[in-house]
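Report on the following structure.
Every read-out reported here was derived from the displayed coordinates using simple, explicitly stated rules and does not represent laboratory data. Here the structure is a predicted model, which is why all the values come from computation and not from measurement. All Cβ positions, even for glycine, are placed from backbone atoms using ideal geometry, and neighbour counts span all protein chains on display.
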Amino acid sequence: MNDIEANKAVVRRFLDEVVSGGKLDVLDNIMAKDLKWHGGSFGELTSLEQFKQMMPAFFTAFPDLRVKAEDVLADGDRVIVRHHWTGTNKGPFFGMPPTGKSVKVAGMNIYRLAGGKIAEEWWGEDIYGLMVQLGVVKAPGQG
């Protein structure tokens with residue numbers, strides 16, 4: 001397996017085993033300790049430990065969270081994923097009470113790999129669309 005295919009396999013493992021499977025114990029094998037996570041409106045993280053502390057909030061808010069990669073493209077040390085995730089909001093989400101609503105959220109992430117591990121991630125998802133689906137904000141034209 002060449003480096004590009006190996007990098008894609010690491011990212012797929014992250015999406016399948018960690019994000020969809022909730023297996024945080026896998027993180028040490030696939031993410032660098034000095035991970036840099038650029039989370040847009042969710043902020044910046046500068047270590048794997050910070051990332052591990054953040055992830056349970058998503059699993060609590062959406063215990064049935066599943067991600068589906070639509071496209072996985074790679075060049076050099078970068079892997080780009082166009083995806084969507086689904087889940088039902090059954091727990092608190094960043095201070096908001098659970099709504100019980102099911103959501104489908106589109107996103108694109110860029111991963112930089114070094115030494116066979118994810119060293120950096122730029123996370124971008126349709127947070128506005130998520131908030132509309134949860135009923136927290138109104139879509140244009142909904143009054």
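Quick notes on this one:
- Applying 1/(1 + (r/R0)^6) with R0 = 25 Å to the Cβ-Cβ distance of Glu70 and Ala9 gives a FRET efficiency near 0.90.
- Residues whose amide H lies under 5 Å from that of Leu65, counting only those 5 or more places away or on a different chain, are Thr88; hydrogens are built 1.01 Å from N in the peptide plane.
- D (Stokes-Einstein, µm²/s), Kirkwood Cα radius, the chain, 0.692 mPa s at 37 °C: 209
- Between region 106-143 and region 65-88, the alpha-carbon centres lie 11 Å apart.
- FRET E, pair Lys52, Asn2, Förster distance 35 Å, beta-carbon r, rounded to 0.05: 0.70
- Over all other residues within a Cβ to Cβ distance under 13 Å of Ser41, the charged ones net out to -3, with Lys and Arg as +1 and Asp and Glu as -1.
- Neighbourhood net charge (14 Å Cβ-Cβ; Lys/Arg +1, Asp/Glu -1) for Met108: -2
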